[in-house]
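In what follows, a single structure is set out as structure tokens and then discussed.
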Amino acid sequence: MAPSIDRRELLALTSLGGIGLVFGSTLAPAAAQPAPAPQAPAEDFFFVQLSDTHWGFRDPAINPDFEGTLTKVIGRLNAFSRQPDFITFTGDMTHTTNDAKERRRRMAEVKGMLGELKVKDIRFAPGDHDANADGGEAYQEFFGKPYYAFDHKGFHFVVLDNVSDKEFRLGETQLQWLAADLAQLPKGTPVVALTHRPLFELYRPWGWFTPDGDKAMELLRPVKATVFYGHIHHEHHTTAGGLVHHAATALMIPLYPAGTRPERTMVPWNAGAPYKGMGFRSVSARGHGAAWQMTEESVA
């Protein structure tokens with residue numbers, strides 16, 4: 001058994017420290033409002049969030065193992081004693097290039113490598129490096145629709161595209177789709193949003209925001225959605241727009257936190273602590289959206 005799985009399963013059973021509990025779906029109704037109808041608990045499950053592998057990036061000062069990092073992650077995931085129900089990849093599977101042929105070559109390589117995973121259910125969200133240069137044309141050839149919804153064990157997931165538009169907007173068409181999708185849900189359905197860029201304004205000078213993300217948050221707020229995203233290349237948890245948001249660590253390139261440097265800056269490779277700041281996340285659902293339990297996993 002992989003040590004990380006043993007630790008996760010033990011902590012899930014004992015509720016000891018080491019896993020953060022996020023109560024993003026249990027806000028009590030106002031006193032004047034009737035209590036919602038009781039619901040049967042959803043089945044417990046867990047998924048893995050990968051983000052920002054930037055396949056095609058090459059800089060040994062940042063990551064000398066740019067050819068092997070993703071392979072190591074795939075090996076770690078395949079060694080889990082309990083496999084996740086599915087894997088979500090919240091964007092930037094590839095590093096940007098203006099060469100359309102090279103863009104497709106990188107996407108084909110990533111998709112082929114991910115095919116080595118034991119878990120075959122992978123839910124992709126586009127990243128700006130994947131989709132902004134050509135409006136998502138190549139991305140859709142390899143990874144499918146840029147925004148869509150799916151259901152899993154009583155939970156409703158919406159995957160949003162805030163990168164294909166040149167100005168990184170969701171756009172009215174997508175927002176109308178989101179409104180219609182959420183409107184058809186039974187009352188009390190727990191909702192999870194998966195996206196690449198933060199919907200809220202985390203740090204505008206570095207482009208860490210979505211221009212019309214407030215409109216999406218207005219739609220997601222009544223259903224108390226939890227948002228998982230990438231793009232900022234480090235772990236981050238906050239509440240904004242009435243929602244709880246969780247950013248994942250990047251697989252390939254760590255970045256310094258917002259505002260800690262004059263410019264957006266990559267964290268240099270630390271030979272004494274290889275892969276520091278690079279990793280992925282497992283997310284466990286407990287009950288009917290009552291809590292999310294997260295474990296931050298290292299690359300190696």
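Out of (1) under 17 Å from GLY68 (Cα atoms); (2) assigned to a helix (DSSP H, G or I); (3) open to solvent by 40 Å² or more (accessible area, probe 1.4 Å), what's the single condition that is false for GLU116?
If we test GLU116 against (1) under 17 Å from GLY68 (Cα atoms); (2) assigned to a helix (DSSP H, G or I); (3) open to solvent by 40 Å² or more (accessible area, probe 1.4 Å), just (2) comes out false.
I'm told HIS129 meets every condition in (1) surrounded by 21 or more Cβ atoms within 10 Å (Cβ to Cβ); (2) in contact with a helix residue (DSSP H, G or I) (Cβ under 6 Å, 6 or more places away or on another chain); (3) assigned to a helix (DSSP H, G or I) except one. Can you identify the failing condition by its number?
Every listed condition holds for HIS129 apart from (2).
Checking ALA258 against (1) at pLDDT 95 or above; (2) within 19 Å of ASP128 (Cα to Cα); (3) more than 17 Å from the chain's Cα centre (by Cα), which single condition isn't satisfied?
(1)
Just the residues that are in contact with a strand residue (DSSP E or B) (Cβ under 7 Å, 6 or more places away or on another chain), in a strand (DSSP E or B), open to solvent by less than 40 Å² (accessible area, probe 1.4 Å) and not polar (S, T, N, Q), please, taken from the range 195-236.
Passing the criteria: VAL227, PHE228, TYR229.
Could you grab the pairs with beta carbons closer than 6 Å, sequence gap of 6+ or different chains, first residue in the range 74-101 and more than 22 Å from HIS234 (Cβ to Cβ), second one of a type in the set (Asp, Glu) and open to solvent by 20 Å² or more (accessible area, probe 1.4 Å)?
Correct list of pairs: PHE86/ASP121.
Yes or no: GLU296 assigned to a loop (DSSP other than H, G, I, E, B), open to solvent by 10 Å² or more (accessible area, probe 1.4 Å) and more than 25 Å from TYR148 (Cβ to Cβ)? It would help to see each step written out before you state the result.
Numbers: assigned to a loop (DSSP other than H, G, I, E, B): no; open to solvent by 10 Å² or more (accessible area, probe 1.4 Å): yes; more than 25 Å from TYR148 (Cβ to Cβ): yes.
In short, no.
When only residues in the range 261-284 that are among the hydroxyl-bearing types (Ser, Thr, Tyr) and either open to solvent by 30 Å² or more (accessible area, probe 1.4 Å) or without any contact (Cβ under 8 Å) to a residue 24 or more places away in the chain (or both) count, which is farthest from PHE47 (Cα to Cα)? Can you show your working first?
If we filter the range 261-284 for residues that are among the hydroxyl-bearing types (Ser, Thr, Tyr), which is where we start, we get 265, 275, 282, 284.
If we keep only those that are either open to solvent by 30 Å² or more (accessible area, probe 1.4 Å) or without any contact (Cβ under 8 Å) to a residue 24 or more places away in the chain (or both) as well, we get 265, 275.
Numbers: THR265: 30, TYR275: 22 Å.
Ranking the candidates gives THR265 first.
Inside the range 144-199, can you point out the residues that are within 17 Å of the chain's Cα centre (by Cα), among the β-branched types (Val, Ile, Thr) and farther than 23 Å from ALA108 by Cα?
VAL158, VAL191, VAL192
A quick yes/no check of all residues on (1) outside any loop (DSSP other than H, G, I, E, B); (2) of a type in the set (A, V, I, L, M, F, W, C); (3) open to solvent by less than 30 Å² (accessible area, probe 1.4 Å); (4) touching a Gly at 6+ places or on another chain (Cβ under 6 Å):
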position: ALA133; (1), (2), (3), (4): no, yes, no, no
position: ALA138; (1), (2), (3), (4): yes, yes, yes, no
position: PRO146; (1), (2), (3), (4): no, no, yes, yes
position: ALA149; (1), (2), (3), (4): yes, yes, no, no
position: VAL158; (1), (2), (3), (4): yes, yes, yes, no
position: LYS166; (1), (2), (3), (4): no, no, no, no
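Checking the conditions here, which among ALA247, ALA183, ALA193 is small (Gly, Ala, Ser) and more than 23 Å from ASP128 (Cα to Cα)?
Just one listed residue meets the conditions, ALA183.
The values are calculated or read from the model by the stated rules, or taken from the named source; none is laboratory data. Small disclaimer: the values here were computed from a predicted structure and weren't measured. All Cβ positions, even for glycine, are placed from backbone atoms using ideal geometry, and neighbour counts span all protein chains on display. Ligands, DNA and RNA are excluded from the accessible area calculation, which covers all protein heavy atoms including side chains. Shrake-Rupley method; radii C 1.70, N 1.55, O 1.52, S 1.80 Å.
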